[in-house]
Ligand SMILES: Nc1nc2c(ncn2[C@@H]2O[C@H](COP(=O)(O)OP(=O)(O)OP(=O)(O)O)[C@@H](O)[C@H]2O)c(=O)[nH]1
Ligand SMILES: [Mg+2]
């Protein structure tokens, strides 16, 4: 790759792709194409060096584990890792993230192995990134960029593509660098018709920024339309009070495999990070015949870029609005509990921290580790999405958990109040109705929200009587 001082080399960071190829590549974005070049080249396999820094309170092992995962991410993005550099620091160096001597060592290694790009495991500030590229003479990107790249490759629905492109622009905006920078040459390329002609006294950087901002606003408007449609569907669903279960978990944990196993959903499964970006919902039959809706969702990862969380908010709402989360954990992963913690962090960020959670340790066919995990996590179940072992237990556990969230109650509703009667039917499951002298006596299963809404008609609970 040419030195970054050469403006030709800076058209698309991390690539030496000619603009024409770049456009055809970006064609993958369909209507949303034009301005979202990839961070890692895909027409050949780039050689990549990884950099990890151990900051307190972390240990060197954490850094290595982070780099193992980053290597998987880089591989998924379509490039080869040719080496690693690690450093222990009390805090990042403001200008270059790693220390001056380390930058020098990294530059020498990069030259020796002839790598195309250097990837840092932590988020680099735009200034750090710029300084590093100057010092190293090659593209420097961070973990966020690699994850954005993979999302871009995997997006297939119109909504998914728009969300990814939005996240990429939000990532790039503060990194625009004027002439020779990220977007000065390519932004207009495929997008076309954005009317970003340079006005009097306007620098190229300002033109670029205006162009990207315009695109961001367009994407935000498009996504609002799509979200509105989803909102309508969601309201219809919530009116019908169908119970909703969301499968959440770390990427590659086996969420899609499990949904397929439980429902014949036919969702795409791949040994690849972020195989699923779009939510798929299927009807799930519970023991006893009750039907619920189950949704497979996008996977999470440690240090999930906040731009993606923001952009995927409407997709992620599925989890926040579910009645129950089935947290799928890969029990054969190097650190299943670390992954669980990362998932819970994202769940908190998207407002799903309070939704009841049932833990399913998946891939029980692959190791014996699940036994220890199930012991340590009361109420959890072990399952294999691949072989189906434990699927019955999981369904039973889902059914039990949902049932435990509702209580069987008695309500006395005046005959004249047909509206209240209808509301009871909407809010819960009516078990029996009986006309009495004082009005209609209903026995029903209601969740906490339903009970509080209908509080004035409650005459008692009927827990002793098993629901049928
Ligand atoms: N051995 C074993 N492998 C499994 C099991 N479940 C899933 N896998 C494998 O794990 C990989 C990931 O499975 P997916 O179902 O795509 O995982 P996911 O959680 O949907 O992943 P993303 O959509 O990428 O977040 C695939 O190679 C599956 O075949 C299991 O129970 N046992
Ligand atoms: Mg999946």
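Restricting attention to the stretch 432-451, report how many residues are under 27 Å from residue 356 (Cα atoms) and at pLDDT 85 or above. Residues that pass the stated criteria total 5.
Across the stretch 389-405, not a single residue is classified as more than 18 Å from residue 326 (Cα to Cα) and either part of a loop (DSSP other than H, G, I, E, B) or in the same structural domain as residue 340 (by TED's automatic domain parsing) (or both). Just so you know, in the stretch 268-289 the residues that are farther than 23 Å from residue 149 by Cβ and touching a helix residue (DSSP H, G or I) at 6+ places or on another chain (Cβ under 6 Å) include one that is nearest to ligand 2 (Cβ to nearest atom), and it is 282.
A Cβ distance below 6 Å, combined with a sequence gap of six or more or placement on separate chains, defines the contacts here; from the stretch 247-270, residues that are under 13 Å from residue 284 (Cβ atoms) reach residues that are more than 7 Å from ligand 1 (Cβ to nearest atom) and in a loop (DSSP other than H, G, I, E, B) in the pairs 259/265; 259/267; 260/267; 261/388. Filter the stretch 337-365 down to the residues that are in contact with a strand residue (DSSP E or B) (Cβ under 9 Å, 6 or more places away or on another chain) and assigned to a loop (DSSP other than H, G, I, E, B) and list them by number. Those that are in contact with a strand residue (DSSP E or B) (Cβ under 9 Å, 6 or more places away or on another chain) and assigned to a loop (DSSP other than H, G, I, E, B): 352, 355, 356, 363, 364. The criterion of at least 2 residues that are crowded, with 19+ Cβ neighbours inside 10 Å and not assigned by TED's automatic domain parsing to the domain that holds residue 343 is met, among helices (runs of 4 or more DSSP H) falling completely within the stretch 200-311, by 204-240. The sole residue among 326, 292, 355 that is within 16 Å of ligand 2 (Cβ to nearest atom) and closer than 29 Å to residue 404 by Cα is 326. Is there a residue being touching a strand residue (DSSP E or B) at 6+ places or on another chain (Cβ under 9 Å), within 30 Å of residue 442 (Cα to Cα) and at pLDDT below 95 anywhere in the stretch 366-379? No: the stretch 366-379 contains no residue that is touching a strand residue (DSSP E or B) at 6+ places or on another chain (Cβ under 9 Å), within 30 Å of residue 442 (Cα to Cα) and at pLDDT below 95. A Cβ distance below 6 Å, combined with a sequence gap of six or more or placement on separate chains, defines the contacts here; from the stretch 66-93, residues that are free of Cβ contacts under 8 Å to residues at least 24 places away in the same chain reach residues that are surrounded by 17 or more Cβ atoms within 10 Å (Cβ to Cβ) and part of a strand (DSSP E or B) in the pairs 71/81.
Among the residues of the stretch 287-305, those identified as more than 16 Å from ligand 1 (Cβ to nearest atom) and either in contact (Cβ under 8 Å) with a residue 40 or more places away in the chain or within 8 Å of the chain's Cα centre (by Cα) (or both) are 287, 288, 290, 291, 292, 293.
Each residue in the stretch 385-411 was checked for being free of Cβ contacts under 8 Å to residues at least 60 places away in the same chain and either closer than 20 Å to residue 265 by Cβ or exposed (fewer than 15 other Cβ atoms within 10 Å of the Cβ) (or both), and 7 pass. Restricting attention to the stretch 329-352 and to residues that are under 13 Å from the mean Cα position of the chain (by Cα) and within 16 Å of ligand 2 (Cβ to nearest atom), the residue that is surrounded by the fewest Cβ atoms within 10 Å (Cβ to Cβ) turns out to be 346. The sole residue among 122, 149 that is closer than 20 Å to residue 58 by Cβ and in contact with a helix residue (DSSP H, G or I) (Cβ under 7 Å, 6 or more places away or on another chain) is 122.
The values are calculated or read from the model by the stated rules, or taken from the named source; none is laboratory data. Please read all numbers here as calculations on a predicted model, not as lab measurements. As a convention, Cβ positions derive from the backbone with ideal geometry for all residues, glycine included, and neighbour counts pool all protein chains shown.
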